[in-house]
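The values are calculated or read from the model by the stated rules, or taken from the named source; none is laboratory data. Keep in mind that what you see is a predicted model, and the values were worked out from it rather than measured. Quick reminder, even Gly has a Cβ in these numbers, built from the backbone with ideal geometry, and neighbours come from all protein chains shown.
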Amino acid sequence: MSIIKQEIEKRILVLDGAMGTMLQQYNFSEEDFRGERFRDFSISLKGNNDLLSITQPKALKEIHAKYLEAGADIIETNTFSGTTIAMADYKLEDLVYELNYESAKIAKEVVDEFTDKEPHKPRFVAGSLGPTNRTASMSPDVNDPGFRAVTFDELRIAYKLQTEGLIDGGVDLLLVETVFDTLNAKAALFAIEQVKEEKNVDIPIMLSGTITDASGRTLSGQTAEAFLISTSHISLLSIGFNCALGANLLQPHLEAIASKTDFAISAHPNAGLPNAFGEYDETPEEMATQIEEYLKKNLINIIGGCCGTTPAHIKAIAEVAAKYKPRQLVIPA
């Protein structure tokens, strides 16, 4: 049994908060994104946060350390857009393996420092696999509903390269997150299984979907329960939801799956819903109070934060989580 599987039975594990929210505080310029290596690159690179794993590694180490100091047990790699599909926007497809490898290596170095200091509380690196900016289930063209901007096989190939970089860089587990289209997620899961077989490794997998609005469905139309059922053929460490909603709005969807699976349940909601300026106003205390309702109802094994969350949010969440026992992993009847 892997160490993380042992730890998840002992306590509620805390995931880190938003990487983008923290990077915005640095106000990096175009020159900062480019660094010396990409100084003469042909197009603008500002906004390509994944590239900062190469051009601004010091900032990433600082952010990872702040989340670990706040009480996070699991930190995510800075690879949310680390596929050839997403990097095509910046003409950096050839950099994908290196981006994932370096991001994993940076996170692992920081995690090892904290685990060495507190061996009784091991920390872990989750390799983040985002949804890409294309959907395999739906047409982006309302006049041509049969059109697809990407195929399953293109997604599988892209995710396979990303997974290889993350595993070679030293991640402890993989997190397929912010899933708005389950077919995209299935391509990622298929690619991971291929890499596991080729490398002869058994790496735990977290899967996290996103309920896009009050309809209670993913963008591709699935309810929370349908999302669970359609992905349960894979042996997962955890399944859950992140992004799109604040903690209180996410609760009914966690309730819908918690009693129906023996997988661990994860959640990393946003700090409320965005305001008119696209900013998140929910305070750490407000968010922790809402998340405590999850804990009272025994819904959660892994808890963290998504958009708008900071180390202060994670600290408040970790303090609340420490008071409760993790949801028992019971095989449903």
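Which residue pairs have Cβ atoms closer than 9 Å, lie 6 or more positions apart in sequence or on different chains, and pair a first residue in the stretch 149-176 that is without any contact (Cβ under 8 Å) to a residue 24 or more places away in the chain with a second residue that is crowded, with 19+ Cβ neighbours inside 10 Å and not aliphatic (A, V, I, L, M)?
From the stretch 149-176, the pairs are Ala149/Arg134; Ala149/Thr135.
Output the number of the condition that Gln6 fails; it satisfies all remaining conditions of (1) at pLDDT below 95; (2) under 22 Å from Met87 (Cα atoms).
(2)
Is it the case that the stretch 101-124 has a residue that's aliphatic (A, V, I, L, M) and surrounded by fewer than 20 Cβ atoms within 10 Å (Cβ to Cβ)?
The answer is no; no qualifying residue exists.
Against the condition in contact with a strand residue (DSSP E or B) (Cβ under 6 Å, 6 or more places away or on another chain) and acidic (Asp, Glu), how does Asp172 come out, does it pass? Give the derivation first.
Working: in contact with a strand residue (DSSP E or B) (Cβ under 6 Å, 6 or more places away or on another chain): yes; acidic (Asp, Glu): yes.
Considered against the rule, which asks whether it is in contact with a strand residue (DSSP E or B) (Cβ under 6 Å, 6 or more places away or on another chain) and acidic (Asp, Glu), Asp172 comes out as yes.
Restricting attention to the stretch 280-325, which residues are part of a loop (DSSP other than H, G, I, E, B) and either more than 20 Å from the chain's Cα centre (by Cα) or of a type in the set (Ser, Thr, Tyr) (or both)?
Here is the first cut: in the stretch 280-325, the residues part of a loop (DSSP other than H, G, I, E, B) are 280-283, 297-301, 304-310, 322-325.
Within the stretch 280-325, Tyr280, Asp281, Glu282, Thr283, Lys297, Asn298, Thr309, Thr310, Ala322, Lys323, Tyr324, Lys325 meet the criteria.
Where residues in the stretch 119-140 are hydroxyl-bearing (Ser, Thr, Tyr), under 22 Å from Leu92 (Cβ atoms) and in a loop (DSSP other than H, G, I, E, B), which of them is modelled with the highest pLDDT? Spell out how you get there, then give the answer.
Of the residues in the stretch 119-140, the ones hydroxyl-bearing (Ser, Thr, Tyr) are 128, 132, 135, 137, 139.
Retained after the next criterion (residues that are under 22 Å from Leu92 (Cβ atoms)): 128, 132, 135.
Next, only the ones that are in a loop (DSSP other than H, G, I, E, B) stay: 132, 135.
On the way: Thr132: 94, Thr135: 86.
Only one residue tops the list, namely Thr132.
In the stretch 196-209, which residues are touching a strand residue (DSSP E or B) at 6+ places or on another chain (Cβ under 9 Å) and aliphatic (A, V, I, L, M)?
Ile203, Ile205, Met206, Leu207
Taking interchain pairs and intrachain pairs at least six residues apart, which have beta carbon atoms under 8 angstrom, with the first residue in the stretch 238-257 and closer than 16 Å to Val14 by Cβ and in contact (Cβ under 8 Å) with a residue 12 or more places away in the chain and the second among the acidic types (Asp, Glu) and assigned to a strand (DSSP E or B)?
That search, which allows pairs on different chains as well, returns Asn242/Glu177.
Could you tell me how many of the residues in the stretch 160-180 are over 18 Å from Ala104 (Cα atoms) and crowded, with 24+ Cβ neighbours inside 10 Å?
Of all residues in the stretch 160-180, those over 18 Å from Ala104 (Cα atoms) come to 178-180.
Checking which are crowded, with 24+ Cβ neighbours inside 10 Å leaves us with 179.
Total satisfying the criteria: 1.
Of the residues Ile75, Ile54, which is part of a helix (DSSP H, G or I) and either within 18 Å of Leu166 (Cβ to Cβ) or more than 19 Å from the chain's Cα centre (by Cα) (or both)? Can you show your working first?
On the way: Ile75 fails: part of a helix (DSSP H, G or I).
That would be Ile54, the only listed residue that is part of a helix (DSSP H, G or I) and either within 18 Å of Leu166 (Cβ to Cβ) or more than 19 Å from the chain's Cα centre (by Cα) (or both).
Yes/no matrix, rows are residues, columns are (1) surrounded by 23 or more Cβ atoms within 10 Å (Cβ to Cβ); (2) within 27 Å of Val195 (Cα to Cα); (3) touching an Asp or Glu at 6+ places or on another chain (Cβ under 7 Å); (4) of a type outside the set (S, T, N, Q):
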position	(1), (2), (3), (4)
Glu36	no, no, no, yes
Arg39	no, no, no, yes
Asp50	yes, yes, no, yes
Thr77	yes, yes, no, no
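Return the only residue of Gly209, Gly216 being under 22 Å from Thr135 (Cα atoms), of a type in the set (Gly, Ala, Ser) and modelled with pLDDT of 95 or more. Even if it seems obvious, please write down each step before you answer.
Working: Gly216 fails: modelled with pLDDT of 95 or more.
That would be Gly209, the only listed residue that is under 22 Å from Thr135 (Cα atoms), of a type in the set (Gly, Ala, Ser) and modelled with pLDDT of 95 or more.
Select from the stretch 211-239 the residues that are crowded, with 22+ Cβ neighbours inside 10 Å and either in a loop (DSSP other than H, G, I, E, B) or of a type in the set (A, V, I, L, M, F, W, C) (or both) and list them in ascending order.
Ile211, Thr218, Gln222, Ala224, Phe227, Leu228, Leu237, Ile239
With the checklist (1) crowded, with 21+ Cβ neighbours inside 10 Å; (2) without any contact (Cβ under 8 Å) to a residue 12 or more places away in the chain in hand, flag the one item Gly278 doesn't pass.
Tallying (1) crowded, with 21+ Cβ neighbours inside 10 Å; (2) without any contact (Cβ under 8 Å) to a residue 12 or more places away in the chain, Gly278 fails exactly one: (1).
For the stretch 1-38, give me the residue count where each residue is in contact (Cβ under 8 Å) with a residue 40 or more places away in the chain and assigned to a helix (DSSP H, G or I). Working first, answer last.
Here is the first cut: in the stretch 1-38, the residues in contact (Cβ under 8 Å) with a residue 40 or more places away in the chain are 2-5, 7-23.
After this cut, where a residue has to be assigned to a helix (DSSP H, G or I) as well, the list is 3-5, 7-10, 19-23.
The qualifying residues number 12.
Within the bounds of the stretch 141-151, is there any residue that is at pLDDT 95 or above and acidic (Asp, Glu)?
No; the residues of the stretch 141-151 include none that is at pLDDT 95 or above and acidic (Asp, Glu).
For Glu197, indicate whether it is among the acidic types (Asp, Glu), over 13 Å from the mean Cα position of the chain (by Cα) and more than 25 Å from Asn48 (Cα to Cα). Steps first, please.
Numbers: among the acidic types (Asp, Glu): yes; over 13 Å from the mean Cα position of the chain (by Cα): yes; more than 25 Å from Asn48 (Cα to Cα): yes.
So Glu197 fits the description; yes.
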